[in-house]
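**Student:** First, the structure itself, so that you have it in front of you.
The values are calculated or read from the model by the stated rules, or taken from the named source; none is laboratory data. Keep in mind that what you see is a predicted model, and the values were worked out from it rather than measured. Glycine also receives a Cβ, built like all others from the backbone with ideal geometry; neighbour counts cover every protein chain displayed. Accessible surface areas use protein heavy atoms only, side chains included; no ligands, DNA or RNA. Shrake-Rupley method; radii C 1.70, N 1.55, O 1.52, S 1.80 Å.
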Amino acid sequence: MRKRIMVVDDSRLVRVRLGDILEGTDYEIVAYCRSGEDAIARYDEVKPDLVTMDIIMQGMDGLDAAELILKEHPDARIVIITSLAYDDTYERAKAIGARGFVDKPFHQEKLIKVFKEALG
């Protein structure tokens, strides 16, 4: 059975790239959200197996959104995908419970490896 992915990123290019990379894999994108607020509002409806979360977005940033989702759903699996790769960003992502971290630009092998680890 394919794993259900909710992509949270305000960049159309990233959403298209993720769709292309995951085509033909065991992962299926079931929802796209352009903001942290949208991800929080849609999480219960979508019930994803995994969430990919950008950090820098309009409104609430991805780390705050991830933290709120994880408070409500401690079993949520969130992978941060961002170009904002500072040590304190990694530390905060781990502290709030993110299951993985992928730097942009990303490649299929790295992405799939992190997804498997996050879901394992």
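**Student:** Restricting to the range 1-18, name every residue that is more than 13 Å from the chain's Cα centre (by Cα) and assigned to a helix (DSSP H, G or I).
**Tutor:** R12, L13, V16, R17
**Student:** From the set of residues in the range 65-80 that are charged (D, E, K, R) and either under 11 Å from the mean Cα position of the chain (by Cα) or surrounded by 17 or more Cβ atoms within 10 Å (Cβ to Cβ) (or both), which is farthest from K113 (Cα to Cα)?
**Tutor:** Per the criteria, the residue is E67.
**Student:** Considering only residues of the range 1-40 that are buried (at least 18 other Cβ atoms within 10 Å of the Cβ) and of a type in the set (G, A, S), which is farthest from M53 (Cα to Cα)?
**Tutor:** If we take residues in the range 1-40 being buried (at least 18 other Cβ atoms within 10 Å of the Cβ) and of a type in the set (G, A, S), then A31 is farthest from M53 (Cα to Cα).
**Student:** Hey, can you tell me all the residues within the range 98-111 that are open to solvent by 30 Å² or more (accessible area, probe 1.4 Å), modelled with pLDDT of 90 or more and either part of a helix (DSSP H, G or I) or more than 17 Å from M6 (Cα to Cα) (or both)?
**Tutor:** Q108, E109, K110
**Student:** Give all pairs with beta carbons closer than 7 Å in which a residue from the range 56-81 that is under 13 Å from D44 (Cα atoms) meets a residue that is part of a helix (DSSP H, G or I); count only pairs at least 6 apart in sequence or on separate chains.
**Tutor:** Filtered contacts from the range 56-81: L68/I40; I69/A39; I69/I40; I69/Y43; L70/I96; H73/Y43; A76/I69; A76/L70.
**Student:** While we're here: What's the number of the only condition in (1) closer than 15 Å to V8 by Cβ; (2) open to solvent by 40 Å² or more (accessible area, probe 1.4 Å); (3) in a helix (DSSP H, G or I) that A95 fails to meet?
**Tutor:** The failed condition is (1).
**Student:** OK, next. Given the structure, is I55 modelled with pLDDT of 95 or more and either part of a strand (DSSP E or B) or within 20 Å of I96 (Cα to Cα) (or both)?
**Tutor:** no
**Student:** Please state which one of D54, D44, D103, D49 is of a type in the set (D, E) and farther than 16 Å from V8 by Cβ.
**Tutor:** D103
**Student:** Exactly one of these conditions fails for S83: (1) open to solvent by less than 50 Å² (accessible area, probe 1.4 Å); (2) out of contact with any Gly (no Cβ under 8 Å at 6 or more places or on another chain); (3) hydroxyl-bearing (S, T, Y); (4) within 18 Å of L13 (Cβ to Cβ). Give me its number.
**Tutor:** (1)
**Student:** All but one of (1) of a type outside the set (F, W, Y); (2) touching a Lys or Arg at 6+ places or on another chain (Cβ under 7 Å); (3) buried (at least 20 other Cβ atoms within 10 Å of the Cβ) hold for G62; which doesn't?
**Tutor:** Among (1) of a type outside the set (F, W, Y); (2) touching a Lys or Arg at 6+ places or on another chain (Cβ under 7 Å); (3) buried (at least 20 other Cβ atoms within 10 Å of the Cβ), the lone unmet condition for G62 is (2).
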